[in-house]
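The values are calculated or read from the model by the stated rules, or taken from the named source; none is laboratory data. Just so we're clear, the structure is a prediction, and the values are computed from it rather than from any experiment. Backbone-built Cβ (ideal geometry, glycine too); neighbour counts: all protein chains shown. The area values use the complete protein model at the heavy-atom level, side chains included, leaving out ligands, DNA and RNA. Shrake-Rupley method; radii C 1.70, N 1.55, O 1.52, S 1.80 Å.
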Amino acid sequence: MNKYWSETIKGIIPYVPGEQPRTGRLVKLNTNENPYPPSEAVLEAMKSAVTERLKLYPDPNCTLLRQAAASYYGTSPEMVFAGNGSDEILAFCYKAFFDPGDWLLIPDITYNFYEVYADLFGISYQTIPLTPEFEVSVQAFAEPCDGIILANPNAPTGKALPLIEIEALAKNHPEAVVIVDEAYVDFGGESAIPLLPFYDNLLVIRTFSKSRSLAGLRIGLAFGHPDLIEALIRVRDCVNCFTVDWIAQAGAIASLRDETTFRSNLASIVNTRSKATSLLRAAGFEVIASSTNFLMASYPGLPAKGLYEALRSRNIFVRFFPKPRIDQYLRITVGTDEDMSILLDALTDLT
Ligand SMILES: *Cc1c(COP(=O)(O)O)cnc(C)c1O
């Protein structure tokens with residue numbers, strides 16, 4: 001604590017990302033990265049972007065990327081915003097759509113950043129409990145509010161909400177902005193992008209960090225009514241007009257064009273997920289059926305924290321959240337088959 005700090009920064013608890021250990025051989029299943037490399041086409045496109053043109057600022061509007069995304073997702077470029085990862089876009093949303101004194105509704109168990117941003121920007125919020133089965137209950141969100149923010153599929157539960165329920169949220173709250181973070185939707189959820197022509201209060205956020213193997217590149221997209229997109233552009237242009245560099249724009253466009261690699265990596269992950277779920281269950285774990293690239297698993301009678309630490313000492317990194325309701329679970333990213341078999345051997349040994 002320092003006398004020069006703002007009151008907000010003195011009081012805030014920042015988000016804590018999963019560890020990024022740099023040393024030695026390890027099995028890294030703690031931050032939901034994709035175990036497969038980005039496609040050759042993406043790497044080539046980025047290499048080709050390393051030219052003298054880097055002396056110029058990048059296109060602030062990401063025109064070609066927004067065109068590519070619009071045609072890929074069946075929407076129009078005015079309905080697309082591109083940012084430096086989806087976390088940045090989420091942060092912009094708080095400034096774009098809410099003022100201090102406004103009320104947000106956030107599920108009690110979800111991506112922790114939603115509460116961190118609310119604290120940073122001084123937006124009030126109420127947490128809405130998931131059901132005992134860790135499901136989002138649309139009825140529980142029947143409260144007056146200025147905004148709703150949720151992840152679908154949810155993290156870290158891995159459970160997806162049917163599109164009709166997302167639609168009910170948008171329909172029941174015409175005065176609120178409903179923000180749906182679809183970071184994991186490619187692994188098994190239903191996207192709300194097709195609803196956008198019908199709801200001018202709905203904003204869908206995507207990332208290239210998980211399903212597209214590009215966590216290191218920092219690319220996120222938002223889709224919504226052009227008026228919502230314009231608000232995001234205004235916030236961006238009050239902070240940093242050039243959030244997405246030339247290389248990232250080129251890599252992201254190439255990723256959208258390489259459907260084959262994308263589909264094949266997704267299929268591998270979904271396949272490994274289903275095998276790992278069965279094997280963990282056979283080993284005595286309780287595993288929540290996942291629509292994402294991670295599993296929530298608990299072992300009856302054994303504290304998850306101890307398991308997490310024991311795995312860590314074997315250089316196997318998973319995630320543990322010391323938070324009520326989920327502190328009996330390990331969150332395990334679905335890696336390669338080999339990663340999962342190392343993990344399973346260790347867990348069998350420890351239980
Ligand atoms: C990983 C994750 C993000 C962050 O994505 P970036 O694009 O890498 O910033 C956003 N939301 C959820 C729910 C995530 O799990």
Separation of region 120-136 and region 191-268 by C-alpha centroid, Å? 25
Straight-line reach from K305: which aspartates and glutamates have Cα under 12 Å away, leaving out those fewer than 8 places along the same chain? D327
Of K28, K275, K159, which is the most mobile in a GNM of the chain whose springs link Cα atoms less than 10 angstrom apart? K275
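Return a whole-number percent for the relative contact order of the chain, with Cα pairs under 8 Å and 6 or more residues apart as the contact set.
The value is 23 percent.
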Per-residue accessible area, 1.4 Å probe, largest first, puts C62, C238 in the order C238, C62
Within the accessible area of the chain, what % is carbon and sulfur when the probe is 1.4 Å and the other protein chains stay in place? 55
Expected output is a single nm value to one decimal: the length gained when fully extending between L43 and R22, i.e. 0.36 nm times separation in residues minus the C-alpha distance. What is it? 5.3 nm
How large is the dipole of region 276-342 about the Cα centre if only Lys and Arg carry +1 and Asp and Glu carry -1, each at its Cβ, rounded to the nearest 20 debye? 280
When a/c reaches 1.5 or more, the comparison of a/b and b/c decides; with that in mind, is region 1-64 rounded, prolate or oblate per its Cα gyration tensor? oblate
DSSP bridge pairs, the chain: antiparallel proportion in percent, nearest 5: 50
Gain on full stretching of the segment that runs from D99 to T131 - 0.36 nm per residue minus C-alpha separation: 8.6 nm
Collect residues whose amide H, placed 1.01 Å from N in the peptide plane, falls under 5 Å from the amide H of V334; neighbours closer than 5 in sequence don't count. F294, L295
Taking only the Cα positions of region 139-236, the convex hull volume per residue in Å³ is 108
Would you mind working out the magnitude of the charge dipole of the chain relative to its Cα centre, with +1 at each Lys and Arg C-beta and -1 at each Asp and Glu C-beta, to the nearest 20 Debye? 1060
Solvent accessible area, Å² - K171, 1.4 Å probe, full protein context: 120
The extension gain from A168 to R263, computed as 0.36 nm times the residue separation minus the Cα-Cα distance, is 31.2 nm
Violations at 32 Å Cα threshold for listed pairs K28/K55; K47/K323; K275/K323; K171/K210; K47/K159; K28/K159 -> K28/K55; K47/K323; K47/K159
Among V80, A289, L26, whose Cα sits farthest toward the positive end of the charge dipole of the chain (+1 at Cβ of Lys/Arg, -1 at Cβ of Asp/Glu, about the Cα centre)? L26
Pop a pseudo-label 7 angstrom from the Cα along the beta-carbon direction at both R53 and F242 and give the gap in nm to one decimal. 1.4
